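Worksheet for the structure shown next.
The values are calculated or read from the model by the stated rules, or taken from the named source; none is laboratory data. Everything quoted here is computed from the prediction, not taken from an experiment. Methodologically, a virtual Cβ is constructed for each residue, glycine included, from the backbone with ideal geometry; neighbour enumeration extends over all protein chains shown.
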Amino acid sequence: LLKEDHRFDLIVATNILVYYDAFEQALALANVSKMLRPGGFFLTNYAVFPSAPMESTASLVTTVEFDRQHNGDTVFWYQRR
């Protein structure tokens with residue numbers, strides 16, 4: 001477990017979790033949760049179902065466009081309690 005002053009306010013993981021099976025996702029999310037400060041956010045473009053102490057549903061869902069043709073992605077924001 002990281003010391004409080006070594007934890008992160010924000011962790012971003014895009015185009016990663018889609019390649020993990022359910023067990024690997026659960027392990028990754030448990031580790032992300034341990035690395036986040038309380039109130040910190042985890043952003044991913046793949047809907048997941050984390051467990052406590054992170055919110056089990058996304059706090060915010062944002063669509064991000066990266067060109068004028070409206071290509072983009074959906075970003076899911078999960079907050080650590």
Test: residue in region 42-65 that is aliphatic (A, V, I, L, M), surrounded by 13 or more Cβ atoms within 10 Å (Cβ to Cβ) and modelled with pLDDT of 95 or more: yes
Hits in region 13-44 - residues which are touching a helix residue (DSSP H, G or I) at 6+ places or on another chain (Cβ under 7 Å) and part of a helix (DSSP H, G or I): Leu17, Gln25, Ala28
Criterion: within 25 Å of Glu4 (Cβ to Cβ), part of a loop (DSSP other than H, G, I, E, B) and touching a residue at least 24 places away in the same chain (Cβ under 8 Å) - qualifying residue of Ala47, Ala52: Ala52
Enumeration of residues in region 1-17 that are surrounded by 11 or more Cβ atoms within 10 Å (Cβ to Cβ) and of a type outside the set (Gly, Ala, Ser): Leu2, Arg7, Phe8, Leu10, Ile11, Val12, Thr14, Ile16, Leu17
Top-ranked residue in region 14-41 [being small (Gly, Ala, Ser) and in contact with a Phe, Trp or Tyr (Cβ under 7 Å, 6 or more places away or on another chain); ranked as farthest from Leu60 (Cα to Cα)]: Ala28
Test: Leu29 is touching a residue at least 12 places away in the same chain (Cβ under 8 Å) and surrounded by 15 or more Cβ atoms within 10 Å (Cβ to Cβ): yes
Search result, residues across region 1-26 that are under 12 Å from Tyr78 (Cα atoms) and either in contact (Cβ under 8 Å) with a residue 60 or more places away in the chain or over 11 Å from the mean Cα position of the chain (by Cα) (or both): Asp9
